[in-house]
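**Q** After the structure tokens below, expect a handful of questions from me.
The values are calculated or read from the model by the stated rules, or taken from the named source; none is laboratory data. All of these numbers come straight from a predicted model, not from anything done at the bench. Neighbour counts run over all protein chains shown; Cβ positions are idealised from the backbone, glycine included. Accessible surface is based on the protein model in full, side chains and every heavy atom, while ligands, DNA and RNA are left aside. Shrake-Rupley method; radii C 1.70, N 1.55, O 1.52, S 1.80 Å.
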Amino acid sequence: MRQIVLDTETTGLDPARGHRIIEIGAVELIGRKLTGNTFHVYINPQRVVEQEAIEVHGITNEFLQDKPVFAQIAEQFLEFIKGSELVIHNAAFDIGFMDHEFARLRNGTGCTSDYCSVLDTLMLARDMRPGQKNNLDALCRAFGIDNSNRTFHGALLDAELLADVYLMMTGGQTKLELATQKQSHQQNGQQVDWRPVQNKPALRVIQATDAEEQAHRERLQLIDAPLWGQQS
């Protein structure tokens, strides 16, 4: 399975009020392994970034002035995500902005669901951890993932952290293939495959020396009323 773990940063909170995407970060997973293939771009939103948003992600209007507009990166972005399962934290937010940007293209691009399926890790986390904080920082702490570099929200960094969180949340590696005789069982509702190792070398058995056995006996004599010395 090809999965794309994705995050966006925006000018504000509501595309219906004209807010737009200013950063996209995404990392590729194939077979639950990071491939090193990423997509990262800053985008000129052709409008002002609200101060409240700048305080979250640190991306200023001046920084975005010379960046490409969404229409210039749309084809490359679609090629990267097409046919994948998108893994997004609070997916409704990011997908809402993506669909808004696609609709602005006015070229029949369609919407995200025409190209990808979506897995929302926030919903997954709420099922696993009801009643607890389930933002990205809280999940990093819960699963022991280092997020010390996350001074501001950043799309690529957050996508990388979310990929680690997602893999931990869903059980890490679930398929073991060690030799040729394949067997399987159910684990956490998933089919888990394994193969016994064949032609293993014999385990090395290390015997205690006479001196070590004598030292052991002497040590046992120092223990008051040991259980092994009592008769049943």
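**Q** Please give the charge dipole size of the stretch 43-154, origin at the Cα centre, charges +1 on K and R Cβ atoms and -1 on D and E Cβ atoms. Round to the nearest 20 debye.
**A** Once rounded to the nearest 20, the dipole reads 200 debye.
**Q** What ranking do 108-114, 93-99 get when scored by the average of other Cβ atoms within 10 Å per residue, highest first?
**A** Ranked by mean Cβ neighbours within 10 Å, highest first: 93-99, 108-114.
**Q** Sticking with this structure for a sec: Whenever you get a sec, line up ARG106, ARG219 from highest to lowest accessible area (probe 1.4 Å, protein heavy atoms).
**A** Final ranking, largest accessible area leading: ARG106, ARG219.
**Q** Continuing with the same structure: Return the aspartates and glutamates within reach of LYS67: Cα separation strictly under 19 angstrom, same-chain partners fewer than 8 residues apart disregarded; answer none if there are no such residues.
**A** LYS67 reaches ASP7, GLU9, GLU23, GLU50, GLU75, GLU101.
**Q** If you don't mind, there's one more thing I want to ask. Give the separation of the Cα centroids, the stretch 32-80 to the stretch 101-149, in Å.
**A** 17 Å
**Q** Which length gain, in nm to one decimal place, applies between ASP114 and HIS216 when the Cα-Cα distance is subtracted from 0.36 nm times their residue separation?
**A** Full extension of this stretch gives 29.5 nm more.
**Q** Among bridges DSSP assigns within the stretch 1-136, what percent are antiparallel (round to 5)?
**A** Bridges in the stretch 1-136 are about 70 percent antiparallel.
**Q** So for each of 142-155, 32-45 I average, over its residues, the number of other beta carbons within 10 Å; can you give me the resulting order with the highest mean first?
**A** The most tightly packed comes first, giving 32-45, 142-155.
**Q** Subtract the Cα-Cα distance of ALA138 and ARG2 from 0.36 nm times their separation in residues, and report this length gain in nm to one decimal.
**A** 46.3 nm
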